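What follows is one structure encoded as structure tokens, with my remarks underneath.
FYI, it's all coordinate maths here, none of it is from the lab. Everything numeric in this text was worked out from a predicted model, so none of it was measured. Cβ placement follows ideal geometry from the backbone for every residue including glycine, while neighbour counts extend to all protein chains displayed.
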Amino acid sequence: MTDGTTEAGTLRGLAPRERLAVSGLFLANGLVVGAWAPRIPSFKADLGISEGTLGLMILAFGLGSLAAMPLVGLILAREGSRRVALAGAFALAPVMLLITLAPGLWTSAAALALTGALVGGMDVAMNANAVSVERRMGRAIMSSCHGFWSLGGLIGAASGGVLIARAGVWGHAAVVMVAVLAIAALALPATLRDAPEAAGPAGDGARGAISAAALLPAALLGIMALFSMTPEGTVLDWSALYLRDELGGSVEAAGLAFAGFSATMALMRFSGDLIRDRLGAVLTLRLCTLVAGAGLLTAAFADGPATATLGFAVAGLGMANMVPIAFSSAGAIPGLPQGVGISIVTFMGYSGLLFAPSLIGFVAERTGLAAIFAALPLLYVVVLALSGLARWADPAEGRAPGRQAGR
């Protein structure tokens with residue numbers, strides 16, 4: 001008879017290798033998304049399209065991503081996250097070549113929609129795999145995984161312009177493909193081999209079934225992610241314009257607002273797991289929400305660019321771990337396959353990241369951006385009200401029947 005303690009120790013011993021593998025998948029996904037950003041100007045020039053048409057093309061990317069997320073969530077319940085995440089990584093590698101090969105407007109739109117679908121589908125699968133590794137290790141890793149995604153985006157964006165200038169769009173696409181293939185190949189033998197899921201606590205025999213009662217907390221976590229990601233997307237899209245147009249900052253100062261926000265977010269994502277393990281997911285989420293709200297209010301009522309930049313940097317510290325905690329919670333809802341839970345939360349959360357900043361533009365024409373940033377913390381009131389659901393993000397709580405948050 002196998003000693004359960006010995007078995008658990010063996011499994012935990014394997015987890016660091018598996019953690020590196022899933023972190024690599026996050027890095028590869030972020031690398032492709034980051035590499036797309038410096039490709040946009042030449043993409044627009046090659047097709048000879050206007051800014052409005054370009055906006056619709058970029059929307060095709062987002063819609064493709066959102067369309068894939070629910071489908072992949074259902075596939076995960078049958079296949080497990082390993083196969084889907086790795087297949088997504090290998091399929092994602094040549095997408096920059098595909099975009100470059102597309103000869104016209106409609107084929108380019110289709111290529112972008114397919115790229116979005118692969119990015120979004122892989123996103124669901126790699127988050128599900130990260131939840132499985134969290135359970136295997138008995139500790140949080142989700143925030144650092146998202147930190148690797150941010151690092152990949154930074155590498156892709158920073159190197160893309162240099163590669164395009166020196167090697168052209170074909171050389172850029174080839175380098176991205178080789179880099180992603182190399183990361184996927186390294187992750188292949190080490191990625192956690194999770195089995196297709198049981199929907200509820202271990203041993204209930206309901207493989208892949210979906211509990212109707214579990215859909216409500218998944219939807220509530222989706223709202224939490226939506227109200228967490230909407231302010232994040234607003235800062236990313238509108239902070240530089242706010243500093244330049246409403247606070248009289250220079251172009252350089254406007255860029256620093258985004259840089260400060262991104263830097264503090266990346267820093268906190270790599271340290272957020274330690275904080276979550278120490279404080280628990282519920283308390284960590286509540287503190288992050290308060291810090292993010294304070295940062296947004298500081299930026300909204302700033303008397304100059306320097307104070308606003310400080311406010312956005314503080315907001316980045318708070319926002320960094322809110323979405324990772326929501327994803328970890330979604331992957332451990334009792335009675336719901338983790339892929340389904342994560343797909344619901346990612347779909348709702350990324351909807352806010354995709355559509356809300358555009359809607360905010362129409363509102364800002366009438367109210368100004370300062371009023372927008374002052375109002376965004378109201379969304380965090382809802383996040384705080386739902387924060388008890390974050391108890392499932394703690395590995396000791398996830399999937400355990402009858403456990404209640406003690407915080």
Original post:
What residue among Thr234, Thr100, Leu247 has its Cα farthest toward the positive end of the dipole of the chain, where the charges are +1 on Lys, Arg and -1 on Asp, Glu, each on the Cβ?
Top reply: Thr100
Subject >> Expected 222 nm ellipticity per residue - DSSP helices of 4 or more, -39500 (n - 2.57), all of the chain, to 500 >> reply: -27500 deg cm²/dmol
Original post:
So, counting K/R as plus one and D/E as minus one, what does the shell of residues with Cβ under 14 Å around Tyr242 add up to?
Top reply: -4
Subject >> Backbone HN-Hα couplings from phi across the stretch 41-56 [Karplus 6.51/-1.76/1.60, Hz, Gly and Pro as x] >> reply: x, 5, 4, 5, 5, 4, 8, x, 10, 7, 4, x, 5, 4, x, 5
Subject >> Bins of 5 Å from zero: percent of alpha-carbon pairs in the stretch 262-390 >> reply: 2, 11, 16, 21, 22, 14, 8, 4, 2, 0, 0
**OP:** Choose one of Thr284, Gly361, Pro334: the residue whose Cα lies farthest towards the positive end of the charge dipole of the stretch 267-365 (beta-carbon charges +1 Lys, Arg; -1 Asp, Glu; about the Cα centre).
**Re:** Pro334
Subject >> Calculated from backbone phi, Karplus (6.51, -1.76, 1.60) coupling profile of the stretch 269-279 in Hz, x at Gly/Pro >> reply: 5, 7, 10, x, 5, 5, 5, 5, 5, 7, 9
**OP:** Could you tell me the largest-minus-smallest coordinate of the C-alpha atoms of the stretch 248-313 on each of the three principal axes, in descending order and whole angstroms?
**Re:** 42, 22, 9
Subject >> GNM flexibility winner over the chain from Leu101, Leu274, Leu20 (Cα, springs under 10 Å) >> reply: Leu101
Original post:
In vacuo Debye scattering of the chain, one point per C-alpha: log10 I(q)/I(0) at q = 0.07, 0.08, 0.11 Å⁻¹?
Top reply: -0.32, -0.41, -0.79
Original post:
Using +1 on the beta carbon of Lys and Arg, -1 on that of Asp and Glu, and nothing else charged, what's the dipole of the chain about the Cα centre, debye to 20?
Top reply: 760 debye
Original post:
Given the C-alpha centroids of the stretch 83-159 and the stretch 226-251, what is the distance between them in whole angstrom?
Top reply: 25 Å
